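Engineer: Handing you this structure, nothing more for now.
The values are calculated or read from the model by the stated rules, or taken from the named source; none is laboratory data. Just so it is clear, the model here is predicted, and its values are computed rather than measured. Here the Cβ positions follow ideal geometry from the backbone for every residue, glycine too, while neighbour counts run over all protein chains shown.
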Amino acid sequence: MPMKFEAIGADNGYGEVTWTHKDAILYALGVGAGQDDALSELQFTTENSQDVTQQMLPAYGVVLGMTYGTRPDIGDYHLSQVLHGEQSFVVHKPLPIAGSAKIGTVTTGIYDKGKGALAVLESTVADAATGEVWVTSQTGLFIRGEGGFGGDPQPVVEWSVPERDADIDASSTIREDQALLYRLSGDRNPLHSDPKFAAMAGFPRPILHGMCTYGVTGRLLINALCGGDASRVKGMGGRFSKPVMPGETITVSVWKQDGSAVFQTRNSNGDVVLDRGTFDYTEAN
C-alpha cells in the first residue's frame, strides 16, 4: 500500500502515561543493569539503597514516546515488514524516576530508500502538569517493500570513526531471556517473543528488540563516560544495522571527543549491529 504522505506534519494529539520507580527499575533490569555485578548499578536497580539516589536511564524517554505516543497513520502494511532503522534522543531535563507525561508524536518525513521507505517520527515527552519538555526523540522506521515511489532521499549527516584504536571497549552478554524481560517495559511486538511471527519476518528465532540493544549500549556508555551518572547525558543516536540474538555478547567501541563521543556496537562475530553512534554528555567537574 502507498505511504500516506499527508501524515507529514499532521497533528496527532497527545497520549498520556504515568510511571513509578518500579517501572524505572524494570527498564534498567531489561537493559542488563546489575547483570554482571548486582552491586555495581544500584542507582538504576534499587530505590532504597543507603547513600544511593535512584536514577532513570534516559533512553526510557524513547520507550515512553514509542509506547504511549499517538502513532501517526503513515500507511497500511503488516507489522512484520517494519524494522527499527534509527533512533536518537535529546535530554532537555533528566527524566524523573516517577511522573506523568503528555506525549506528542509527529511524522517529520517519509524518505525513499529504494527497497523500502523510511518514516521519521518525532516524539516529545513533557511534564503533564507544567508542559516542561523532558525528552525529545526521533525514531526512523524502515518499512520493507514500500520504497521506489520517487520521493526524496534521506538527508545525509556526516559521521566517521577516528583513524585510531577505540578509547574504550565495553561489553555485555545478552541473556537468553533478555527480550522476555525487556518487553515488560512496553514493546510487546511478537517479533521478539513468538517463533512463528519471527519466521514470518524471515528470522530463525525471535530477535532482541533494537531498543534493548540501544538501551544496553546507552547503559554501557553512561558507565564508561559519565561515571554511572545518568544526569550527565545530553543525547544519543545510532542506526540499527543488524539484529542481535539473545545469548550474544555485544561490545561498544568508543572514541572520545570533547563532551561527546562516537561509537559502534558489535555482536559476538564482530559484525556492527548499531552504527553511526553519537553520545553527548557533560564532562565531570
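Engineer: Whether any residue in region 52-71 is over 20 Å from the mean Cα position of the chain (by Cα) and within 24 Å of Thr136 (Cβ to Cβ) is what I want to check.
Structural biologist: Yes.
Engineer: Being at positive phi and either aliphatic (A, V, I, L, M) or surrounded by fewer than 17 Cβ atoms within 10 Å (Cβ to Cβ) (or both) narrows it down to one residue among Gly186, Gly227; which is it?
Structural biologist: After ruling out the rest, the residue left standing is Gly227.
Engineer: List pairs: first residue in region 197-213 and of a type in the set (Phe, Trp, Tyr), second residue modelled with pLDDT under 95 and not in a loop (DSSP other than H, G, I, E, B) anywhere in the structure, Cβ distance under 8 angstrom, at least six positions apart or on different chains.
Structural biologist: Phe197/Ser80; Phe197/Pro190; Phe197/Leu191; Phe203/Leu191
Engineer: Shifting gears a bit: Are any residues in region 250-285 exposed (fewer than 13 other Cβ atoms within 10 Å of the Cβ) and either of a type in the set (Asp, Glu) or not in a loop (DSSP other than H, G, I, E, B) (or both), and if so, which ones?
Structural biologist: Selection gives Asp258, Asp271, Glu283.
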